[in-house]
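The values are calculated or read from the model by the stated rules, or taken from the named source; none is laboratory data. Model, not experiment: these values are computed from the prediction. When we count neighbours, we look across all protein chains shown, and the Cβ atoms used for this are built from the backbone with ideal geometry, even at glycine. Each accessible area value is taken on the protein alone, full model and side chains, heavy atoms only, with ligands, DNA and RNA left out. Shrake-Rupley method; radii C 1.70, N 1.55, O 1.52, S 1.80 Å.
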Amino acid sequence: MTKSNILTDTFGRKHNYLRISLTERCNLRCTYCMPADGITLSPKAHIMTYEEIYTIAKDFVDHGVTKIRLTGGEPLIRKDAGQIIEKLASLPVQLTLTTNGVIVDTFIDLFKKCGIKTLNVSLDSLDATKNKEITRRNYFDKVYQNILLLVREGFHVKVNCVLMKGFNDNEIIDFINLSKNLPLHVRFIEFMPFDGNQWNMDKLVSLQEILSEVNSQFEETEIIKLEDAPNDTTKSYQIQGYQGTFAIISSVTNPFCDGCNRIRLTANGQIKNCLFSSKESDLLTPLREGKSISPIIQKTIQSKFKIRSGMDTLDKFKKTDGHNNRSMITIGG
Ligand code: SAM
Ligand code: SF4
């Protein structure tokens, strides 16, 4: 088994990007992520410890992973989040996080010390009342101020916004205008189906609809298409003269599976070869039994489908309604 082979799938895609969920818990309750009646949390004993996270991450890095993203749940509410970040920063990887931004201000010094330069922060509405409705918590001001703080502190900040029809699709231009005087990178994410999130196609705001809205508000010559890197999940744009950019993540209407380089590790130590796969492979049990986890990683990568876990058409995708997949909060977005 050579170093790079085990992370290369049957379609030649090299998986050098590991997303680790640190916790299934969260201080927000976003309706599209957390089911209304909550989730059954894994017993604490089934959640990876700090040492186990490092050991598994190191195995991936030894096989060729060069980028690690910490996510959740809300990664920063885990008690030993700081310790985990410091330990993972000792690996030769680009380390980054996706956070809801509520307590991110308390981590700024640590991020700088650990060489973290970019962060994704989720914010779905610029209206405090709507924000409360979607997150079922009242932290809009805090998150908004924290985004501005991160920018002032020199971080490359991407703002993740899940668009939902009739809820926040009238804010597309307001979000883009945030990038006028701030070097912010807004990313509109198509609403995706997961267990218990009431997804249906009518709520989805598609790539095409987002672009039509942009085209109706700006002159064609003002909308600059930026080049996307081979593994990018986004289609990126900039309005002429704006400091920041905006992008669209079209996992539903226009999947980007050809360049997929991601593998996901859930907080309870399972790996998923695709966000939309209902299958998981347990790494934690064999690790605790002292067995090698590399053969399981290899098998999981080898069994990856070409497109969206086999849902290669929009029709097949629509039919699942997310019921074959656990909720996003427990996978790690
Ligand atoms: N708590 C952190 C946060 O909110 O950024 C990290 C975890 S969250 C699950 C990661 C990302 O997944 C967020 O940007 C969130 O908006 C996105 N997400 C969650 N559920 C989604 C869904 N149903 N469709 C599209 N994106 C979703
Ligand atoms: Fe929490 Fe993030 Fe899910 Fe919102 S999207 S409930 S902040 S994990």
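Within the bounds of segment 84-95, is there any residue that is part of a strand (DSSP E or B), open to solvent by less than 60 Å² (accessible area, probe 1.4 Å), within 16 Å of ligand 2 (Cβ to nearest atom) and not small (Gly, Ala, Ser)?
No, because not a single residue in segment 84-95 is part of a strand (DSSP E or B), open to solvent by less than 60 Å² (accessible area, probe 1.4 Å), within 16 Å of ligand 2 (Cβ to nearest atom) and not small (Gly, Ala, Ser).
Mind listing just one residue for me: the one in segment 161-178 that is polar (S, T, N, Q) and surrounded by fewer than 20 Cβ atoms within 10 Å (Cβ to Cβ) and, of those, nearest to Ala247 (Cα to Cα)?
Among them, the one singled out is Asn177.
Looking at Tyr50 and the list (1) over 23 Å from Phe155 (Cα atoms); (2) more than 13 Å from ligand 2 (Cβ to nearest atom); (3) touching a residue at least 40 places away in the same chain (Cβ under 8 Å); (4) open to solvent by 20 Å² or more (accessible area, probe 1.4 Å), which single condition is not satisfied?
(3)
Can you tell me which residues in segment 280-294 are open to solvent by 70 Å² or more (accessible area, probe 1.4 Å) and in contact with a helix residue (DSSP H, G or I) (Cβ under 6 Å, 6 or more places away or on another chain)?
Scanning segment 280-294 gives no hits.
Residue by residue, here is whether (1) within 13 Å of ligand 1 (Cβ to nearest atom); (2) over 20 Å from Thr234 (Cα atoms); (3) in contact (Cβ under 8 Å) with a residue 40 or more places away in the chain; (4) not hydroxyl-bearing (Ser, Thr, Tyr) holds:
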| position | (1), (2), (3), (4) |
| --- | --- |
| Lys142 | no, yes, yes, yes |
| Ile147 | yes, yes, yes, yes |
| Val151 | no, yes, no, yes |
| Lys158 | yes, no, yes, yes |
| Met164 | yes, no, yes, yes |
| Ile172 | no, no, yes, yes |
| Ile176 | no, no, yes, yes |
| Asn181 | no, yes, yes, yes |
| Phe188 | yes, no, yes, yes |
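Quick check: anything in segment 258-267 assigned to a helix (DSSP H, G or I) and either out of contact with any Lys or Arg (no Cβ under 7 Å at 6 or more places or on another chain) or among the hydroxyl-bearing types (Ser, Thr, Tyr) (or both)?
The answer is yes, given that some residue of segment 258-267 is assigned to a helix (DSSP H, G or I) and either out of contact with any Lys or Arg (no Cβ under 7 Å at 6 or more places or on another chain) or among the hydroxyl-bearing types (Ser, Thr, Tyr) (or both).
For residues that are loosely packed, with under 13 Cβ neighbours inside 10 Å and β-branched (Val, Ile, Thr), scanning just segment 1-47, find the one that is farthest from ligand 1 (Cβ to nearest atom).
Restricting to residues being loosely packed, with under 13 Cβ neighbours inside 10 Å and β-branched (Val, Ile, Thr), the top hit is Thr2.
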